[in-house]
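Asks: What follows is a structure written as structure tokens; I'll ask about it next.
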Amino acid sequence: MTVPRLEIDLDKLRHNARTLVDRLGARGVAVTAVTKGTLGSAAIAIELLRAGVHGLGDSRVENIEALRGAGITAPITLIRSPVPSQVERVVAHAEVSVNTEPVVLELLSAAAVRQGRTHGVILMVELGDLREGILPADLEGVVRLTAGLPALRLAGIGANLACQSGVVPDGRNMAELSALVTMVERTTGVAVDVVSGGNSASLDWAFGATELGRVNDLRLGEAILLGREALHRRPVEGLHTDAFTFVAEVIESQIKPSLPWGDIAENAFGVAPTVRDRGEVRQAILAAGIQDVDVAGLTPPAGIEILGASSDHLVIDTGVTPVAVGAEVRFGVDYAALLRAMTSPFVAKVPALTGCTRPAATAAR
């Protein structure tokens, strides 16, 4: 089989999505499944939709176009503010986009008029993380602008936390979001149907809060794909954390000293390496590197340690176990490793149905 490759367990992804849909649905919250980490994979999108997610979300119009080209007709939200030069494509392929800038809203309106479509808008409000968001004092004015632009409809109001500055979604800022929604409805007379309370970092709050206020939607990517919340990367109970596996092949296997010799300067990526003397090690080189995957986000098998990587080579210490040339080594991935591996054209993506539906720990109870 082709290497390097990313093996994708579709059953585990569907289970994760279904579990989150059911648990959040019981609290009145719908799930928008974020596919930006999957490079517009129709196979994955189909399983998430089968699990009952309300719709899909992606940050790249190219991924949305790929999903449409593969026959996906479900509602899709562009979850990054539209690039002004791409508004025609956004209106053509996404039912909804998140927005913060009046000038972009005007461009979307004009594009929607030209195409004879109505485009939905979720206005993002700034709650302290200092990434995208309209300042609360300006929200009413932007709501009024949106309501007055032809071929646009206010689909909702949302917020994003924990991405830029790590601000934790909690009772205070989520209550502020709800209060802002109620305020603009009262002052403008415009109804707000969707209140999107953030991403996978909002799960702890959504599961633990006694009151969710107006929030009725979460945009979930990492929790579905990797089974973890996005504040501390702790596993979410009942979810699979191993739906993706990165596999690479050994191209060299030798016993070598652990210390380099000669004068030491910067390596290929401008870093002066620091190493410790561990005597001789069983060193293997895999045919994969930083161009293929975020090496820092790989979890090696027990007994194996990652020593370093260059563009095309991943160097490991195999411990007490010899690893033959041509053998495959399998790694777990975090979100950064998954994102780069999915994006790399050199990594094969191998989706498969395995029949697995529950994590082993859950199944054992």
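The values are calculated or read from the model by the stated rules, or taken from the named source; none is laboratory data. Since the model is a prediction, treat every value here as computed from it, not as a measurement. Every residue, glycine among them, receives a Cβ derived from its backbone with ideal geometry; neighbour counts consider all protein chains shown.
Asks: Within the range 115-130, can one find any residue that is crowded, with 22+ Cβ neighbours inside 10 Å and part of a helix (DSSP H, G or I)?
Replies: No, the conditions are met nowhere in the range 115-130.
Asks: To continue, here is another question. Scan the range 67-80 and report the pairs whose first residue is closer than 16 Å to Ser97 by Cα and free of Cβ contacts under 8 Å to residues at least 40 places away in the same chain and whose second residue is aliphatic (A, V, I, L, M) and part of a loop (DSSP other than H, G, I, E, B), with Cβ atoms within less than 7 Å and a gap of 6+ or a chain change.
Replies: Taking only residues 6 or more apart or on different chains, the pairs are Ile76/Ala94; Leu78/Ala94.
Asks: Could you please let me know if Leu24 is of a type outside the set (Lys, Arg) and closer than 19 Å to Ser202 by Cα?
Replies: yes
Asks: Here's something else I'd like to know. Looking at (1) closer than 20 Å to Cys163 by Cβ; (2) in a helix (DSSP H, G or I), which is the one condition that is false for Val98?
Replies: Unmet condition: (2).
Asks: Mind checking which residues of the range 187-220 are on the phi > 0 side of the Ramachandran plot and in contact (Cβ under 8 Å) with a residue 12 or more places away in the chain?
Replies: Within the range 187-220, Gly198, Gly213 meet the criteria.
Asks: Which one of these is surrounded by 14 or more Cβ atoms within 10 Å (Cβ to Cβ) and charged (D, E, K, R): Arg276, Arg282?
Replies: Arg282
Asks: While we're here: Name the pairs whose Cβ atoms lie under 8 Å apart, with the first residue in the range 242-254 and farther than 10 Å from Ala284 by Cα, the second crowded, with 16+ Cβ neighbours inside 10 Å and aromatic (Phe, Trp, Tyr), and 6 or more positions between them or separate chains?
Replies: Thr245/Phe331; Phe246/Phe331; Val247/Phe331; Ala248/Phe331
Asks: Is there any pair linking a residue in the range 291-302 that is in the same structural domain as Asp317 (by TED's automatic domain parsing) to one that is among the aromatic types (Phe, Trp, Tyr) and in a loop (DSSP other than H, G, I, E, B), with Cβ under 7 Å and at least six apart or on different chains, and which?
Replies: Gln291/Phe346; Asp292/Phe346
Asks: Test each condition in (1) modelled with pLDDT of 95 or more; (2) surrounded by fewer than 18 Cβ atoms within 10 Å (Cβ to Cβ); (3) farther than 26 Å from Val96 by Cα for Val236 and report the one that comes out false.
Replies: Of the numbered conditions (1) modelled with pLDDT of 95 or more; (2) surrounded by fewer than 18 Cβ atoms within 10 Å (Cβ to Cβ); (3) farther than 26 Å from Val96 by Cα, the odd one out for Val236 is (2).
Asks: Return yes or no: is Ala268 of a type in the set (A, V, I, L, M) and either without any contact (Cβ under 8 Å) to a residue 40 or more places away in the chain or more than 30 Å from Gly28 (Cα to Cα) (or both)?
Replies: yes
Asks: Out of Glu106, Glu65, I need the residue that is among the acidic types (Asp, Glu) and farther than 24 Å from Met342 by Cβ. Which one?
Replies: Of Glu106, Glu65, the one residue that is among the acidic types (Asp, Glu) and farther than 24 Å from Met342 by Cβ is Glu106.
Asks: Right, here's the next one. Which one of the conditions (1) out of contact with any Pro (no Cβ under 7 Å at 6 or more places or on another chain); (2) surrounded by 17 or more Cβ atoms within 10 Å (Cβ to Cβ); (3) not polar (S, T, N, Q) does Ala191 fail to meet, given that it meets all the rest?
Replies: Ala191 satisfies all of (1) out of contact with any Pro (no Cβ under 7 Å at 6 or more places or on another chain); (2) surrounded by 17 or more Cβ atoms within 10 Å (Cβ to Cβ); (3) not polar (S, T, N, Q) except (2).
Asks: Of all residues in the range 68-106, count the ones that are among the β-branched types (Val, Ile, Thr) and either under 14 Å from Ala151 (Cα atoms) or not assigned by TED's automatic domain parsing to the domain that holds Val195 (or both).
Replies: Total meeting the criteria: 5.
Asks: For the range 41-59, what are the residues that are over 12 Å from the mean Cα position of the chain (by Cα) and in a loop (DSSP other than H, G, I, E, B)?
Replies: Of everything in the range 41-59, those that are over 12 Å from the mean Cα position of the chain (by Cα) and in a loop (DSSP other than H, G, I, E, B) turn out to be Ser41, Ala51, Gly52, Val53, His54.
Asks: Return yes or no: is Gly55 closer than 18 Å to Tyr335 by Cα and touching a Leu at 6+ places or on another chain (Cβ under 9 Å)?
Replies: no
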